[in-house]
Amino acid sequence: MRRFFATLRARRFIAAQEGTTAIEYAVIASGIAGVLIATVTSLGGSLSTIWTTVGGIFQ
């Protein structure tokens with residue numbers, strides 16, 4: 001009987017970890033998205049200049 005309850009507790013613990021893993025992945029994904037947004041924002045002006053120059057060449 002003790003073994004049954006130990007197994008039951010172990011299964012509950014593993015099930016609880018699945019939600020935690022999903023939250024961790026969400027935090028990692030939001031961090032990556034934040035870095036990408038910051039990079040695009042900081043490079044936005046120079047990219048605009050580059051595309052204006054390229055567009056001027058083809059006119």
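The values are calculated or read from the model by the stated rules, or taken from the named source; none is laboratory data. Since this is a predicted model, take the numbers as computed values, not measurements. To get the accessible areas, we keep the full protein, side chains included, count just its heavy atoms, and leave off ligands, DNA and RNA. Shrake-Rupley method; radii C 1.70, N 1.55, O 1.52, S 1.80 Å.
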- Stretchable slack from Leu47 to Glu24, in nm (0.36 nm times residue separation minus alpha-carbon distance): 5.0 nm
- Item | Tilt relative to the chain, helix 2-57 - C-alpha long axis, 0 to 90 degrees, to 10 | 0 degrees
- Ratio Rg/Rh [Cα only; Rh per Kirkwood] for the chain: 1.58
- Message: Using a 1.4 Å probe on the protein heavy atoms only, what accessible surface does Ser42 show? Give it in Å² to the nearest 10.
- Response: 90 Å²
